Each structure stands twice: as structure tokens, then as C-alpha cells.
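Please treat every number below as a calculation from the coordinates, not as lab data. On a predicted model such as this, the values are computed, not experimentally measured, just so you know. Virtual Cβ from ideal backbone geometry, glycine too; neighbours counted across all protein chains shown.
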Amino acid sequence: MEQLKPTVFVVDDDEEVRGALKLLFESVGLPVVCYPSAGDYLEQFDESLPGCLVVDIRMPGMSGLDMQEKLAERPIHPPVIIITGHGDVPMAVRAVQAGAVDFIEKPFRDQILLDSVHRAIEKDAERRGEASRLSEIREHLDQLTPREREVLDLVIGGMRNKNISEQLGITLSTVEAHRSRVMEKMQADSLSHLMRMMLTLEKD
């Protein structure tokens, strides 16, 4: 499957600003899609598209801050960079506290924005990689039978095969067979690998 190239999504009600940002990002080889309003972006939002979002904090209708809050309700969304005027810094700070990765005050140097965008794209790749790993672990878990899941929970809890056998009322060889199938279905190459996977799920 071909990997999608990260895109910079620009949301700003000022046509000149949208045009200038589009030229800037395209000058360094970044695909750009521009939207004149938060509503337009949300209507066409596609969580499968990697990249980041550059949004003006003050716009008619839905503000950049309101849009960010809407996006935060979704399981996967691009990192948000807030563009702000001098008087809007307190709002921008609120946006960062709510999850925006950065805010940049107008007027700004092009390189400052480009550096922020590259960091945001890296962050998005990390988030998506983690989401993919979690999804894969859950898929493996769903393949386990109820008994295999019982054995898994006891193994992760540090219980030895002999004690599992006694607790579940099954033979030691049956425990070993279940444990082997758990390792195979979870695609774990060691007990420590299996434990790391389960800890990853607990952190989510």
C-alpha cells in the first residue's frame, strides 16, 4: 500500500494569507490544501490523511480554538498550529493547553513556521504509528479464545505455569499449549515482548 505524503492543511478566512502560505509550503515540497473556514475543513475532514493543520485563531463563524476543540473529540486528527495576532496571545495559550502543538504570532519569519510545521508532521507520524500498533495489538487479542485470554492475564500477572494449572483446574501440558498459542497469536517473540504490548494497551 502506497504511503500518503503528509499534507499541510491551511484554514484562514483571508485569501491573501492562504495564497502566501500555499506558496511557502509548496516551495519546500509540501503538499497544501487550503480552506476559507473551519466549517469547510471539518466538512471535508479525513482522518486517514497525514500531515498538520495551520489555522488562524480568529475567523468569522467558528474560531480556530473552537475548531481545535471539535477535532479533539475525534480519535485521530492532525496536530494543530495556531496563527495568532499580538492581542490574541492569551487565546493561543489556551489553544496550546487544549492540545495545539504550537502557536506563532504575526508577523512571523517563514522559517519559524516551516520549522513548526516539520515538527508537527513528525508528531503526527508518531501518533499514527502508535495508533497503528494499538490497533494491531487489539486485533491479535480478538483472536484469542476466552481460555487463552485467561492464561494471558495470569501469565502477565507473573504466575508460573504450575500455578496457572492449579488455578484453572487444567493440566500443565494444557497450560503450556495455551501459552504457546497465545504467543503465536499475539506475535510475541518473548514474554517481555508480550508484557510490553499489554502495557501499551493499558497506557492508552
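Structural remarks
- Packing rank of 149-161, 7-19, where each peptide gets the mean count of other beta carbons within 10 Å, highest leading: 7-19, 149-161
- Within a straight-line Cα-Cα reach of under 17 Å, Lys5 can be paired with the following lysines, leaving aside sequence neighbours fewer than 8 residues apart in one chain: Lys22, Lys123.
- Relative frequency of Cα-Cα separations exceeding 22 Å in the stretch 7-128, percent: 24
- Of all aspartates and glutamates in the structure, those lying under 14 Å Cα to Cα from Lys162, and not within fewer than 8 positions of it along the same chain, are Glu176.
- Neighbourhood charge, 15 Å Cβ-Cβ cut-off, centred on Pro78 and excluding it, Lys, Arg +1 and Asp, Glu -1: -2
- Each peptide in 190-196, 110-116 receives the mean, over its residues, of other Cβ atoms within 10 Å, and ordering these scores from highest gives 110-116, 190-196.
- Residues with amide H under 5 Å from that of Val54, placed H, sequence gap 5 or more: Phe9, Val10, Val11, Ile81
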